[in-house]
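Structure, as structure tokens:
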Amino acid sequence: MSTSALTQFEAALDELGASATHVERDAFGDHVEELLDPPAVGVTLEETLGDDALSLDGTSVSVDPTPVELREATTGVTAATLGIADYGSVVLTPTTRGSELVSLFVDRHVVVVRASDVVDDMKTAVDTLAVEFRETGGSAIVATGPSATADMGELVQGAHGPREVHVVVVEDE
Amino acid sequence: MSKADDIRRLMRTEGAAVAANAQGFNEGRYASVAELDDYEGLKAEARAIKEDAIERLPELLDQLRESVESNGGTMYVAEDAADANDYIRSVVADRDADRVVKSKSMTSEEIEVNEALAADGVDVVETDLGEWVLQLADEAPSHIVAPAIHKSREAIADLFAERFDTDEPLETAEDLTHFARERLGEQIVDAQVGLTGANFLTADTGSMALVTSEGNARKTVAATDTHVAVAGVEKVVPTVEDLRPFVELIGRSGTGQDITSYVSLLTPPVDTPVVDFTDDETPLSAFDADREFHLVLIDNGRMGMREDDQLRETLYCIRCSACSNSCANFQSVGGHAFGGETYSGGIATGWEAGIEGYDTAAEFNDLCTGCTRCVNACPVGIDIPWINTVVRDRINRRDDEAAEWLVDGLTPDEEDEGAPLQKRFFGNFETVAKLGSLTAPVSNWLAKTDASRWAMDLALGIDPRRELPEFQRETLVDWFAGRESRVADPTRRVVLYPDLYTNHVQVERGKAAVRVLEALSVDVVVPPVPSSGRAPYSQGMVATATDHAERVSDALAPHLDDGRDVVVVEPSDHAMFTREYARLVDEEPFARLSANSYEILEYVYGLLENGADESAVRSGDGAEIAYHSHCQQRTLGLETYTVGVLERLGYDVATTDVECCGMAGSFGYKSDYYELSMDVGERLRDQLVADDVRDRPVVASGTSCLEQIDSLLERQPRHPVELLVE
Ligand code: SF4
């Protein structure tokens, strides 16, 4: 990650109609709380982000919800393993805890990425994923901005997936 | 209904919606690819990956099978549609599923799996909003990426009002989207089987890439316990790394998005828990990710295409739709006319010929005029016009239409009764032109009589509303032979190629070219040389075109030996020498001819850049002018030279940016296509009568363009070289 990558990442997000904010690790919980449009659900972020400070405990987010709770929720909070600066994309990893469901079956997706995980370009991101896929047989969604369709005569945001995307960039230690 | 009636009807009913969307995508493409640092490099990389993958296809398929199986999935290679459908039906039956939700997949349209499953009583729901609209309306896609572009918002609102009992009338695109989302959302969470396509498959990991924007493909996979992916065998690439150029190019090339909202890179079966969406007690993480995965790969003619030296390239296609959107004819008629059973746009000719056969390809193959505007747009560098030419040639040879004595007598060609009458007439235009000049002006008078126009329409399908070219009695070659060249101490020496039109019809522009070159101290000769073969080439008469190409190459060789450059007035002939001849003559003569051929204004540009005396040609003195470049000239990157020369000479130049004038050689003369040709021309006309352009004299480089503009405007257009002489 370089400062310029972060600047580019945020500029790209802005262009996509997604918003982004910065936060220090110790202010994480309070910051997330402000971004929620309740009711909110989420998955444990610690395992993806590898940092116990990045926890949703203490927020109003219902972590590991039931399917019915998920369907009634407005906001979903999950973590991204990578950010891609030149596209404003985030890389979401479907987990056994249902991260894919929480990212997808909501109107507003709040996605958390560590500043140090923002890479410069698509090539770096795909190369990183390639190594990971060969090791773990994993999957990833490169998500860029809100879900959208032009099938109903003009561009509408919020087709099957979220209508709004907010990216929280966490400053590293 | 006749072909012509069909085209007219589609232009009337769907033309406006298709045009607005396809042109929007096309403009988006130009803007989006311009942001890439190395667009050409990325395309070359994508092309190389596909070439390699198709070359090694059997080996990669074996590797892919191993990967998929070691991930816990199964892979089935189906020989044809019926085989694929039987397999999918058995998967659905084994799961005891009553609903299958689908994300958009052209390959599944190809095998018509919806019908096969419906026959078993399975509820198949398309979840892509455009596909769902078509499913409700019982219509076919009109575009390979945006299937419902032929439907306006109003038409969709009417459809929903008719099919559903909604509380409030749905009007805005937002209302309609929201309604569809809710309705489909309910159906998705209730389904057992999720059926997707796959844009790419990686042999090393057994992963697939799905390129989407709505999020329905993600839901289709995440909400069901049985994932079936259907794809052509050609979708495999060696490694995950290989996905990168495609991820960056596919959205930009298609709808002009830098990247679509979601690129799912899945290694199925995915880890997402399979949940019961009505459960309000169990947390998500407590559900198992107990999911089956079936990869169904489809041959259906593709392995045969791989063996076919001409059709093979089709398999590189990533179905981005650039060749639809950049196509002037497609912009007017859409995929319902310009398409076959499944695929549409320029490359559809290759797909449909390989998959369905030549009958299907023959239905729409004529709509490719060979303008080449799709060539630079294709992210994997497929020579789409060539595929259309080859298939046309094969169709000609297969159609056993008896050639008539009249045209046979008139047109000795290499096609051996292959091509139909109309194609042979246009394909042998050289003979017509020679006779025309020989007998002018009588030939022109005769051709104008109602009786001959009627006969031409009847026998040759030449539309009576078109003005025919007027042949000049004195050809350019004759005129030149009768004069002394007068350059004393030449800086360069050229052979000016007397193309068919410049030699027989637009002789004045040829004379202007000679005078400009001589004024710039160039020694010129204008020997008789056979016609380039462009005419037969565009009719799919490849053998005749090859014969022309060889004769032209032989005729020009001594001049090249003699150190002369070849200068060409007609851009479509220049493109033959520098592009198409690569397929028609041997490598060495092609390399020499193409390296030494110049379009006339390109050559003038070079002369001026190298110190020729600018004051020897007429200056523009700040005059305003409108310039329409020629499609093939633009593909070769040559528009800039004409603009450069005119600006250098002091003209204020406004340029058009439509992809094609619509005439495209003989295309606009054909009765079946007259209206379409004029519809395409209208877009050019709009630009030439725009506020700032309306009063400018018009210049254009191509013969066809000049004829088309002549019929579109009051102003008579000229060739730019004519501006340079007094
Ligand atoms: S032929 Fe090329 S431009 Fe046309 S759809 Fe295929 S990849 Fe795109």
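The values are calculated or read from the model by the stated rules, or taken from the named source; none is laboratory data. Computed from a prediction, not measured in an experiment: that's the story for all the values here. Glycine also receives a Cβ, built like all others from the backbone with ideal geometry; neighbour counts cover every protein chain displayed. For the accessible areas, the whole protein counts, side chains as well, though only heavy atoms, and no ligand, DNA or RNA atoms are used. Shrake-Rupley method; radii C 1.70, N 1.55, O 1.52, S 1.80 Å.
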- request: Please go through region B:77-114 and pick out each residue that is assigned to a helix (DSSP H, G or I), under 27 Å from residue B:320 (Cβ atoms) and charged (D, E, K, R).
  value: B:109, B:110
- request: Evaluate region B:453-466: report whether one residue or more is under 30 Å from residue B:22 (Cβ atoms), modelled with pLDDT of 75 or more, of a type in the set (Asp, Glu) and within 23 Å of the chain's Cα centre (by Cα).
  value: no
message: Residues to consider are B:166, B:202; find the one that is in the same structural domain as residue B:276 (by TED's automatic domain parsing), touching a helix residue (DSSP H, G or I) at 6+ places or on another chain (Cβ under 8 Å) and modelled with pLDDT under 95.
response: B:166
task: Just need a number here: residues in region B:341-376 that are hydroxyl-bearing (Ser, Thr, Tyr) and either open to solvent by 10 Å² or more (accessible area, probe 1.4 Å) or under 9 Å from the mean Cα position of the chain (by Cα) (or both).
output: 5
field: Single residue of B:306, B:291 found to be within 14 Å of chain A (Cβ to nearest Cβ) and either charged (D, E, K, R) or crowded, with 24+ Cβ neighbours inside 10 Å (or both)
entry: B:291
statement: Here the residues within region A:93-130 that are among the hydroxyl-bearing types (Ser, Thr, Tyr), open to solvent by 50 Å² or more (accessible area, probe 1.4 Å) and more than 8 Å from chain B (Cβ to nearest Cβ) are A:116, A:124, A:128
query: Inside region A:34-55, can you point out the residues that are touching a helix residue (DSSP H, G or I) at 6+ places or on another chain (Cβ under 7 Å) and free of Cβ contacts under 8 Å to residues at least 40 places away in the same chain?
result: A:39, A:52, A:53, A:55
statement: Just one listed residue, out of A:41, A:110, is more than 30 Å from residue B:257 (Cα to Cα) and in a strand (DSSP E or B), and it is A:41
- request: Return only the number of the condition from (1) in a helix (DSSP H, G or I); (2) surrounded by fewer than 24 Cβ atoms within 10 Å (Cβ to Cβ); (3) not basic (Lys, Arg) that residue A:154 does not satisfy.
  value: (1)
task: Scan (1) within 8 Å of chain B (Cβ to nearest Cβ); (2) open to solvent by 10 Å² or more (accessible area, probe 1.4 Å) for the single condition residue A:142 breaks and write down its number.
output: (2)
- prompt: Taking region B:249-263, which residues are at the interface with another protein chain (Cβ under 7 Å from one of its Cβ atoms) and touching a Pro at 6+ places or on another chain (Cβ under 9 Å)?
  reply: B:261
- request: Look through region B:102-161, keep the residues that are surrounded by 19 or more Cβ atoms within 10 Å (Cβ to Cβ) and of a type in the set (D, E, K, R), and return whichever of them is farthest from residue B:189 (Cα to Cα).
  value: B:151
field: Selection within region B:626-653 - open to solvent by 20 Å² or more (accessible area, probe 1.4 Å) and aliphatic (A, V, I, L, M)
entry: B:636, B:643, B:653
- request: Having 1 or more residues that are modelled with pLDDT of 95 or more and near the ligand (Cβ under 9 Å from one of its atoms) is the bar; report the helices (runs of 4 or more DSSP H) wholly within region B:292-353 that clear it.
  value: B:322-325
field: Top-ranked residue of region B:365-382 - restricted to ones that are within 14 Å of residue B:393 (Cα to Cα) and outside any loop (DSSP other than H, G, I, E, B), ranked as farthest from the ligand (Cβ to nearest atom)
entry: B:366
field: region B:626-652, residues that are farther than 22 Å from residue B:328 by Cβ and in contact with a strand residue (DSSP E or B) (Cβ under 8 Å, 6 or more places away or on another chain)
entry: B:641, B:646, B:647, B:651, B:652
- prompt: Do you know which of the residues in region B:1-57 that are within 18 Å of residue B:319 (Cβ to Cβ), away from chain A (no Cβ under 14 Å) and not aliphatic (A, V, I, L, M) is surrounded by the fewest Cβ atoms within 10 Å (Cβ to Cβ)?
  reply: B:51
